[in-house]
1. Taking region 83-93 as the region of interest, how many residues are part of a helix (DSSP H, G or I), touching a residue at least 12 places away in the same chain (Cβ under 8 Å) and exposed (fewer than 13 other Cβ atoms within 10 Å of the Cβ)?
2. Got a sec? Which of 56, 80 is touching a residue at least 12 places away in the same chain (Cβ under 8 Å), acidic (Asp, Glu) and either in a helix (DSSP H, G or I) or open to solvent by less than 100 Å² (accessible area, probe 1.4 Å) (or both)?
3. Please verify whether residue 7 is among the hydroxyl-bearing types (Ser, Thr, Tyr), assigned to a loop (DSSP other than H, G, I, E, B) and within 25 Å of the chain's Cα centre (by Cα), treating the condition exactly as stated.
4. Determine which member of the set 115, 60, 102, 67 is under 30 Å from residue 11 (Cα atoms) and of a type in the set (S, T, N, Q).
5. In region 31-53, which residues are of a type outside the set (Val, Ile, Thr), outside any helix (DSSP H, G or I) and open to solvent by less than 70 Å² (accessible area, probe 1.4 Å)?
6. Of these, 71, 96, which one is open to solvent by less than 100 Å² (accessible area, probe 1.4 Å), of a type outside the set (Phe, Trp, Tyr) and under 21 Å from residue 130 (Cα atoms)?
7. Quick one: would you say residue 107 is touching an Asp or Glu at 6+ places or on another chain (Cβ under 7 Å), open to solvent by less than 50 Å² (accessible area, probe 1.4 Å) and hydroxyl-bearing (Ser, Thr, Tyr)?
8. If you go through region 111-124 one residue at a time, how many are in a strand (DSSP E or B) and either open to solvent by 60 Å² or more (accessible area, probe 1.4 Å) or touching a residue at least 40 places away in the same chain (Cβ under 8 Å) (or both)?
Amino acid sequence: GTEDHYSDMDFKIAGTPHSTITAFQLDTKLSSGIPIPTLTSALHLAQKGLTHIFSEMKLQTSNITLQPRPGLKPTSPRVELITYSPLMKPNLVGPGGAVLRQLTDKYNISIDLSQDGKCLISGDSPGKVTEARRAIT
């Protein structure tokens, strides 16, 4: 962007709340490079900036109590894993996959069957996933 076009370097840092710089990226257009004292100064300023940002974040969020949600939203897609006897797989698939297609079409879900007896049912409607699970088990 414009900020990169008119400047000689682009310097980004990442870190932790414990004043630790964990990564940085430096792009420069200077053919002579950047003097070590300038780089050292930039890293010290960046560390002070990180410390300030993290302390502000802690101050702003200190009165927030985080609690897990009581459950998924009703509109959230669902995935259920059930087990079945591997001997029953031909019955679940049906001739030419007919039973599997009927289940996926009727309930608007996806079904993945594994060789070891695991069945993954996924869909956009929690009710349809539950109905499909009941039909399979």
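1. Looking only at that region, the number is 0.
2. 80
3. No; evaluated as a whole, the condition is false for this residue.
4. Sole residue among the options that is under 30 Å from residue 11 (Cα atoms) and of a type in the set (S, T, N, Q): 60.
5. 33
6. 71
7. Details: touching an Asp or Glu at 6+ places or on another chain (Cβ under 7 Å): yes; open to solvent by less than 50 Å² (accessible area, probe 1.4 Å): yes; hydroxyl-bearing (Ser, Thr, Tyr): yes.
When the stated conditions are applied, residue 107 passes them.
8. The total comes to 6.
The values are calculated or read from the model by the stated rules, or taken from the named source; none is laboratory data. No experiment lies behind these values; they were computed from the predicted model shown. A quick note on method: Cβ atoms are made from the backbone with ideal geometry, for glycine too, and the neighbour counts reach across all protein chains shown. Just the protein is used for accessible areas: all its heavy atoms, side chains included, with ligands, DNA and RNA removed. Shrake-Rupley method; radii C 1.70, N 1.55, O 1.52, S 1.80 Å.
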